[in-house]
Amino acid sequence: MIATADDIIGMRAAGKAAARLLNYLEQYIRPGTSTGQLDRAAAEWTSDAGAWSAPFGYSNGSKKPFPGHICTSINEMVCHGIPSDAVILKEGDIVNIDVTPVLNGYHGDTSRTFPVGKCSADSLRLIDVTEECLQIGVALAVEGEFLGTIGHAIELHAISRGYSIIREFTGHGIGRKFHTQPYVTHYGTPNTGIRLKAGMVFTIEPILCKGDPSIRFINEWEATLKSGGLTAQAEHTVLVGKDDAEILTYESSTASDN
């Protein structure tokens with residue numbers, strides 16, 4: 001569970017690639033673009049970067065292999081949205097793009113929810129509060145803190161802003177493997193669970209909605225909100241430090257993504 005010095009170098013490079021890929025895809029997020037187009041753009045960028053896409057062909061237990069290079073989850077789609085040329089982004093949609101390029105054997109995992117064209121104030125607020133929840137969790141990812149405290153702080157902030165946490169999906173350890181311990185819930189009890197040590201690497205990825213957070217699966221991968229309301233997710237891969245966390249999957253969107 002503790003990354004070596006070489007692991008950290010590898011994870012920094014993979015995280016930077018993930019951040020650059022997400023920033024690169026932002027330019028294509030507009031009305032009229034299909035999620036299949038986004039997937040092909042991601043696949044091409046990833047290959048050019050000397051990496052490969054962890055989601056493509058990924059199989060989890062008895063599930064069929066995932067057919068996309070990225071996940072594209074629109075509006076009520078909670079997560080694991082499958083890219084398709086039949087799914088077209090529309091004005092006012094919100095879409096979460098989840099990318100995981102693998103560079104030199106290391107996974108960089110990040111996601112962000114984007115507005116498509118002009119969105120309602122309610123949609124934009126949901127995106128903003130989801131990002132706030134992520135940043136609250138990141139700020140607590142320091143040596144000596146408990147995972148339960150992180151989850152509690154995330155859910156407390158969501159509730160204080162009038163939102164619910166979708167509990168079925170968690171963050172996870174990551175490195176040479178895609179999903180490992182520790183599994184990071186976005187709810188919890190303070191001072192419970194695993195106590196963090198410097199060198200741990202995991203994702204924090206809360207999913208928020210308004211009202212009832214009940215979900216249903218429509219196929220082997222895609223989960224939607226039963227109410228049909230909007231959901232938003234935000235994710236970073238973080239490295240636990242002695243005094244603060246390092247976000248491995250951040251780069252300003254104004255930087256060059258080529």
Yes or no: region 188-205 includes at least one residue that is free of Cβ contacts under 8 Å to residues at least 24 places away in the same chain and either of a type in the set (G, A, S) or outside any loop (DSSP other than H, G, I, E, B) (or both).
no
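Please report, ordered by residue number, the strands (runs of 3 or more DSSP E) entirely within region 18-137 with at least 1 residues that are in contact (Cβ under 8 Å) with a residue 60 or more places away in the chain and aromatic (F, W, Y).
On the way: elements: 71-74, 77-79, 94-99, 101-103, 110-115.
Fully inside region 18-137 and qualifying: 110-115.
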Cβ pairs under 8 Å, 6+ apart or interchain, first in region 225-249 and without any contact (Cβ under 8 Å) to a residue 60 or more places away in the chain and assigned to a loop (DSSP other than H, G, I, E, B), second polar (S, T, N, Q) and open to solvent by 10 Å² or more (accessible area, probe 1.4 Å), ordered by first then second residue, are K226/S214
Looking at region 139-171, which of the residues that are in a strand (DSSP E or B) and within 22 Å of R216 (Cα to Cα) is most open to solvent (accessible area, probe 1.4 Å)?
S164
For region 180-191, which residues satisfy the criterion of being under 17 Å from L156 (Cα atoms) and open to solvent by 60 Å² or more (accessible area, probe 1.4 Å)?
Y187, T189, N191
Quick one: in region 7-45, which of the residues that are under 19 Å from G173 (Cβ atoms) and of a type in the set (V, I, T) is least open to solvent (accessible area, probe 1.4 Å)?
I8
Say we look at region 208-222 and pick out the residues that are in a strand (DSSP E or B) and in contact (Cβ under 8 Å) with a residue 40 or more places away in the chain; which of these is farthest from the chain's Cα centre (by Cα)?
I215
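Are any of the residues in region 60-81 touching a helix residue (DSSP H, G or I) at 6+ places or on another chain (Cβ under 6 Å) and of a type in the set (D, E)?
no
The values are calculated or read from the model by the stated rules, or taken from the named source; none is laboratory data. Computed from a predicted model, the values in this text were never measured in an experiment. A quick note on method: Cβ atoms are made from the backbone with ideal geometry, for glycine too, and the neighbour counts reach across all protein chains shown. Please note that ligands, DNA and RNA were not included when accessible areas were found on the heavy atoms of the full protein model with its side chains. Shrake-Rupley method; radii C 1.70, N 1.55, O 1.52, S 1.80 Å.
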